[in-house]
Amino acid sequence: MSKQVKQMILGDYKSRFEGTSDAVVVNMRGIEANSTNEIRQNLAKKEIRLTVVRNRLARQAFEGTDLAKLSGLLSGPSTLAYGAESVVEVAREIVALVKQFPDLELKGAILDGELYEGEDGVSRLSKFPTRDEAIAQDVTLILGPGRKLLGQIKGPISSVAGLVKAIADKLENGEEIKKAS
């Protein structure tokens, strides 16, 4: 490959992965072309992109970026999966694909600068909550004690309100209310 072609590919990688800080690395060798197209189309619907990379050029393009830690995973056939809301969603989709396509090899992933190596790492990453799920969990944790406190305060007030209503009903019916001794 000529130096000019390598420079074009390097420039493409830099522009394509600019702003990308999280990704999953897989090996798609052994999967038929039609199946690969099907995988790409299904992932594209979920805004997940797949890019087959030339390892040496990708290492050069990733130098000084958040993806630099992936360099150790870039050997043999390598495809980067990235996009969606978070890399957790990407990992979930890729792990689900492994069940359908057992030849799909999970090499690793990176999230917030932390490297998750191998199939175990990607599987572990896929079990993390997404950003929206984490926010929902935090809101639940924050509001939980307030709800309990409100229930504790509301309980006795409802009892008093029930007694006042019972007294009001008796008085409306002309019944006499006796003093408790």
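Read-outs: derived from the displayed coordinates by stated rules, not from any lab. A quick note: this is a predicted structure, and the numbers were derived from the prediction, not measured. All Cβ positions, even for glycine, are placed from backbone atoms using ideal geometry, and neighbour counts span all protein chains on display.
Key figures for this structure:
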item	result
Every residue from the range 107-117 that is under 14 Å from VAL88 (Cβ atoms) and touching a residue at least 60 places away in the same chain (Cβ under 8 Å)	ALA109, ILE110, LEU111, ASP112
Hits in the range 19-47 - residues which are part of a helix (DSSP H, G or I) and exposed (fewer than 12 other Cβ atoms within 10 Å of the Cβ)	ALA33, ASN34, ASN37, GLN41, LYS45
Test: residue in the range 124-140 that is β-branched (Val, Ile, Thr), under 28 Å from ILE39 (Cα atoms) and touching a strand residue (DSSP E or B) at 6+ places or on another chain (Cβ under 8 Å)	no
Residue tally, condition in a loop (DSSP other than H, G, I, E, B) and under 17 Å from MET28 (Cα atoms), over the range 81-136	4
Residue list for the range 61-80, restricted to those being crowded, with 20+ Cβ neighbours inside 10 Å and part of a helix (DSSP H, G or I)	ALA61, PHE62, LEU67, LEU70, LEU73
